[in-house]
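This report concerns only the one structure given below.
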Amino acid sequence: MTGLPQVAAIVLLRDDGAALLQHRDDKPGLSHANKWVPPGGHADSGETLDECARREFLEETGYRLGEIHRLARFVDDHPRGFPLLELFVYWSRYDGHQAVTCQEGQALAFIRREDAGRYDIPPYLLALWDEALVAAGGAASGHE
């Protein structure tokens, strides 16, 4: 426990390795403004990180997660003077049935890994996406 604010994010993987990413709003003071990131958010007082991940994902996408798996935990030190926070990243498999809807941000889309270079995605999140693919057993036929 670092005493820092805690944030949870989920990399939801489709069978072809595409990940569901959210295009963040472009607002001053918003971390990763106008970038593509996995859905997630801050933990409420007394809430576990797993509960936070599920709640935030549902609030932002309308999708109810099945099994989730912890992928990484680290201190995220935003370069532009944002406060430090402790980021917990999970991964899960898309069930192929539930719809996802953009409830927060500018857009929500499954992005294929080979197309990721066309989007403004923080580099460390690309590395986590790759780690999620490995953890999922190379679930991506399209991942090179």
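Output the residues belonging to region 18-33 that are in contact with a Leu (Cβ under 8 Å, 6 or more places away or on another chain) and at pLDDT 95 or above.
Answer for region 18-33, where residues must be in contact with a Leu (Cβ under 8 Å, 6 or more places away or on another chain) and at pLDDT 95 or above: ALA19, LEU20, LEU21, GLN22, HIS23.
Mind checking which residues of region 14-24 are in contact with a strand residue (DSSP E or B) (Cβ under 6 Å, 6 or more places away or on another chain) and either surrounded by 22 or more Cβ atoms within 10 Å (Cβ to Cβ) or farther than 19 Å from HIS42 by Cα (or both)?
Selection gives ARG14, ALA18, ALA19, LEU20, LEU21, GLN22.
How many residues are within 12 Å of the chain's Cα centre (by Cα) and under 22 Å from ASP25 (Cα atoms) when one looks only at region 59-89?
Result for region 59-89: 5.
Tally the residues that are over 21 Å from GLY66 (Cβ atoms) and assigned to a helix (DSSP H, G or I), restricting the search to region 114-138. Quick ask: steps written out before the conclusion?
We begin by selecting, within region 114-138, every residue over 21 Å from GLY66 (Cβ atoms); these are 114-127, 130.
So of that shortlist, the ones also assigned to a helix (DSSP H, G or I) come out as 114-118, 123-127, 130.
Residues flagged as over 21 Å from GLY66 (Cβ atoms) and assigned to a helix (DSSP H, G or I) within region 114-138 amount to 11.
Kindly indicate whether GLU114 is surrounded by 12 or more Cβ atoms within 10 Å (Cβ to Cβ) and more than 14 Å from the chain's Cα centre (by Cα). Outline the logic, then answer.
Values: surrounded by 12 or more Cβ atoms within 10 Å (Cβ to Cβ): yes; more than 14 Å from the chain's Cα centre (by Cα): yes.
When the stated conditions are applied, GLU114 passes them.
Hey, can you tell me all the residues within region 8-47 that are without any contact (Cβ under 8 Å) to a residue 60 or more places away in the chain and assigned to a strand (DSSP E or B)? I'd like the intermediate steps shown before the answer.
Going residue by residue through region 8-47, those that are without any contact (Cβ under 8 Å) to a residue 60 or more places away in the chain are 27-31, 33, 40-47.
The answer is GLY40, GLY41, HIS42.
Anything in region 55-76 that is among the small types (Gly, Ala, Ser) and modelled with pLDDT of 95 or more? List them, or say none.
Of the residues in region 55-76, the ones among the small types (Gly, Ala, Ser) are 62, 66, 72.
Residues satisfying the conditions are GLY62, GLY66.
The values are calculated or read from the model by the stated rules, or taken from the named source; none is laboratory data. Please read these numbers as outputs of a predicted model, since none were measured by experiment. When we count neighbours, we look across all protein chains shown, and the Cβ atoms used for this are built from the backbone with ideal geometry, even at glycine.
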